[in-house]
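**Student:** Here it is: the structure, laid out below.
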């Protein structure tokens with residue numbers, strides 16, 4: 001915890017303002033919290049506020065406790081150790097929005113309340129989800145206590161990132177380092193707040209990328225790192241060549257090299273990270289060999305010659321598994337060659353299966369190294385980094401799963417947010433209408449009941465179109481489901497016969513079932529894993545980070561209104577704001593509210609000695625708050641409308657300048673009186689000698705801490721006898737018992753004496769020594 005003095009000094013040095021203080025500049029830099037946006041139902045006003053802040057390099061904005069992060073596509077000086085120190089232990093709204101503020105408040109709330117929390121990070125590919133997750137981990141690594149064991153745990157947590165990125169990230173059209181899997185990571189803390197371990201769950205690995213990439217995209221990073229950065233002996237041992245063009249699935253996207261990626265250096269980073277995460281050489285060799293099998297498998301060309309399947313070159317038993325089907329009869333085994341299409345399908349399925357199991361094994365080994373080392377009571381902060389809502393030109397089963405997952409998480413968010421709102425109202429004794437508490441009925445619509453019914457996701461032996469017919473039979477009357485057959489004449493023109501359209505919370509999405517839908521087993525596995533994740537999250541308090549892309553060209557300083565509007569819609573940010581604004585726009589503890597706004601009321605300024613709630617009551621009545629504009633809770637004041645707070649803050653800004661002028665005037669008066677008194681009594685020195693030089697009758701009294709020869713009538717001091725200042729004159733005592741007077745009672749004070757360089761010069765027409 002930083003001291004108050006250093007905290008205020010740091011705020012000023014870094015140009016940081018708290019939530020209320022920033023309101024005065026809202027026309028230029030926007031509002032730090034969208035809950036205070038007066039036109040909270042306007043999407044245009046929402047985007048305008050984001051754009052204002054983005055133009056000032058303010059990439060973070062709140063919606064209550066939800067954090068919006070806009071990717072600036074450039075380095076910003078806001079992640080230094082100084083910034084980390086400044087945000088440690090600080091009230092959530094006391095500094096501008098930041099990923100550190102959210103991480104710190106989650107951490108300290110966990111310690112204070114001894115309960116579990118999770119942070120959900122979502123957004124499109126390229127929006128900055130992975131970087132946000134890294135910043136949170138780095139913050140905990142720096143801010144938490146240190147020891148040899150804790151340092152080991154922290155190192156393994158941080159170094160697990162390069163490993164998972166190598167095996168789970170790839171270059172896409174939108175992002176050079178796109179996460180192609182969802183990750184949920186638990187960080188365990190003991191009662192002292194020390195990180196003692198962790199656990200990772202992975203979801204929805206895009207295994208199809210192993211066998212297919214679009215033009216301009218790449219396979220997973222690890223393949224290119226191995227080919228480009230692998231040691232010569234290693235490549236020779238594995239039978240690999242140092243050219244990705246020789247490998248079919250690594251060359252499909254015609255984008256083997258990327259300017260922003262150095263595969264050779266990344267290979268070294270991954271090897272080092274594997275050793276830190278506690279992988280030994282044997283483990284690495286086994287996994288590398290598995291990747292070799294995948295690479296060689298995808299390099300084989302299966303052709304149809306004389307209607308027979310031929311492999312160039314042969315790979316023995318491994319390849320025969322791809323080419324032929326073994327039928328075991330009563331007396332013998334018959335080998336039935338696959339067709340070319342079937343052989344390609346089996347080859348691709350095998351490559352995906354090998355890679356998927358390798359990735360799962362990798363995650364399990366990382367979990368073993370992160371296993372909790374402290375048997376004492378522990379609390380948890382979870383980090384969930386998962387795809388945002390996806391809508392492509394052709395949407396397949398993968399998009400269906402991703403969007404269904406986001407739909408469930410949106411429902412979970414509304415449920416948890418409303419629950420937290422209701423609990424706070426109940427704790428504060430605030431009565432709210434049923435309309436506010438039941439808003440989830442209109443917002444948390446179930447996307448499609450059919451996905452929860454096994455029959456609706458099980459194609460069985462039927463064709464894709466038969467599966468679509470089952471959906472029409474089960475969901476024909478549902479208002480959020482439509483197909484080519486069920487649509488009206490106008491809508492039918494936009495749907496193919498193999499399409500169905502669902503209305504999600506973020507908008508309509510058209511899915512294609514032809515050769516795209518997955519088996520019942522895969523759908524069931526996904527559904528069960530999602531239910532498990534939901535149960536985990538329901539047992540924790542939620543914090544949210546929504547990441548937005550500023551543009552598709554990865555260009556710094558560019559804000560694409562159309563693209564950002566699209567993301568605001570598909571991330572459900574307007575719905576999020578509607579939920580938060582359903583009750584009260586602003587709430588603060590009485591002590592904090594009174595401390596800031598007490599100058600606005602004579603009864604509370606400069607000091608309020610009574611109960612804080614009574615002081616706030618007097619303050620709001622003096623400001624003319626109407627009964628429907630605020631509620632008084634047990635420990636907080638709740639303000640319903642943002643405009644009420646704006647008016648209060650504007651009045652405070654005016655009052656602050658008036659008070660500053662008064663305080664400055666009083667301060668200058670006090671300083672002037674002190675200086676006059678100081679000059680009057682500064683001549684307490686002692687005299688031993690008078691040197692008289694007839695020069696205009698002036699007398700200069702030399703201060704005791706300075707000595708300067710003056711070519712005027714001077715009094716030199718050696719700290720022996722006293723000199724006294726009395727009204728109208730200065731009286732000084734000599735050794736011989738004589739007294740001398742300098743009379744200046746008839747002159748105006750500024751002309752009579754003045755202080756300069758430690759001297760007191762007295763001007764008088766008559767000087768006499770008695």
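**Student:** For the stretch 586-676, how big is the tail of P(r) above 15 Å, as a whole percent of Cα pairs? Present the calculation step by step, with values, prior to reporting the outcome.
**Tutor:** Details: 2565 of 4095 pairs.
Counting every Cα pair in the stretch 586-676, those more than 15 Å apart make up 63 percent.
**Student:** Roughly speaking, what is the stretch gain from residue 109 to residue 242, that is 0.36 nm per residue apart minus the C-alpha to C-alpha distance, in nm to one decimal? Kindly include the intermediate steps, with their values, before the conclusion.
**Tutor:** Numbers: separation 133, 0.36 × 133 = 47.88 nm, distance 5.15 nm.
Full extension from residue 109 to residue 242 adds 42.7 nm.
**Student:** Based on other C-beta atoms within 10 Å, arrange 80, 550, 143 from fewest to most.
**Tutor:** Numbers: 80 10, 550 26, 143 17.
The order, fewest Cβ neighbours first, is 80, 143, 550.
**Student:** Still on this structure: State, to one decimal in nm, how far the label point of residue 569 lies from the label point of residue 278, with both points 7 Å from Cα in the Cβ direction.
**Tutor:** Taking the simple label geometry, residue 569 and residue 278 are separated by 4.9 nm.
**Student:** By how many nm would the segment from residue 595 to residue 668 lengthen if fully extended, with 0.36 nm per residue of separation less the alpha-carbon distance? Don't skip to the end; give the middle numbers.
**Tutor:** Working: separation 73, 0.36 × 73 = 26.28 nm, distance 2.55 nm.
Here the segment from residue 595 to residue 668 would lengthen by 23.7 nm.
**Student:** Moving on. Mind jotting down the three principal axis lengths of the stretch 89-148 based on Cα atoms? Whole angstrom, largest first.
**Tutor:** Computed over the stretch 89-148, the largest-to-smallest principal extents equal 34, 33, 22 Å.
**Student:** Next up: Sort 647-657, 381-391 by the packing proxy (mean of other Cβ within 10 Å over each peptide's residues), most packed first. List each step's numbers first, then the result.
**Tutor:** Numbers: 647-657: 14.7, 381-391: 22.7.
Descending packing order for the listed peptides: 381-391, 647-657.
**Student:** Let me ask you something else. Can you give me the distance in nm between label points at residue 264 and residue 492, each placed 7 Å from the Cα along the Cα-to-Cβ direction?
**Tutor:** Simple spin-label model gives 6.2 nm for this pair.
**Student:** Taking the Cβ-Cβ separation of residue 191 and residue 422 as r and a Förster radius of 25 Å, what is the calculated FRET efficiency to the nearest 0.05? Working shown, then result.
**Tutor:** On the way: r = 30 Å, r/R0 = 1.18.
In this case the efficiency is close to 0.25.
**Student:** Under 1.5 on a/c is rounded, so check that first for the stretch 35-119, then, if it is not, pick prolate when a/b is larger than b/c and oblate when it is not; a ≥ b ≥ c are the square roots of the alpha carbon gyration tensor eigenvalues. Walk me through the numbers on the way to the answer.
**Tutor:** Working: a/c = 2.46, a/b = 1.39, b/c = 1.77.
Note, shape of the stretch 35-119 comes out oblate.
**Student:** Let me ask something additional. Direction-averaged shadow area of the convex hull around the Cα atoms of the stretch 603-646, nm²?
**Tutor:** Values: hull surface 13.3 nm².
About 3.3 nm², averaged over all directions.
**Student:** Follow-up. List 629, 591 from most exposed to least, where exposure is judged by having the fewest other Cβ atoms within 10 Å.
**Tutor:** Details: 629 18, 591 14.
By the 10 Å Cβ count, ascending, the order reads 591, 629.
**Student:** Specify, per residue and in Å³, the volume enclosed by the convex hull of the alpha carbon atoms belonging to the stretch 388-432.
**Tutor:** Details: hull volume 2.7 nm³, N = 45.
So the per-residue Cα hull volume is 61 Å³.
**Student:** Compute the distance in nm between two label points, each set 7 Å from the Cα along the Cα-to-Cβ direction, one at residue 508 and one at residue 76.
**Tutor:** 3.7
**Student:** Give the relative contact order (percent, whole number) for the stretch 586-676; include only Cα pairs under 8 Å separated by 6+ residues.
**Tutor:** Numbers: 74 pairs, mean separation 28.2, N = 91.
The value is 31 percent.
**Student:** Multiply the residue gap between residue 653 and residue 38 by 0.36 nm, knock off their C-alpha separation, and tell me the result in nm, one decimal place. Walk me through the numbers before you get to the answer.
**Tutor:** Values: separation 615, 0.36 × 615 = 221.40 nm, distance 1.92 nm.
Result: 219.5 nm gained on full extension.
**Student:** Okay, next question. Using only the alpha carbons of the stretch 507-666, what is the convex hull's orientation-averaged projected area in square nanometres? Provide the component values of the computation, followed by the final result.
**Tutor:** Working: hull surface 68.4 nm².
For the stretch 507-666, averaging the hull's shadow over all directions gives 17.1 nm².
**Student:** Give the order of 393, 100 when sorted by the count of other beta carbons within 10 angstrom, beginning with the fewest. Kindly include the intermediate steps, with their values, before the conclusion.
**Tutor:** On the way: 393 6, 100 25.
Ascending number of Cβ neighbours within 10 Å: 393, 100.
Values quoted throughout were computed directly from the atomic coordinates according to the rules given, and no laboratory measurement underlies them. Since this is a predicted model, take the numbers as computed values, not measurements. With ideal geometry, Cβ positions are generated from the backbone for all residues, glycine too; neighbour counts draw on all protein chains shown.
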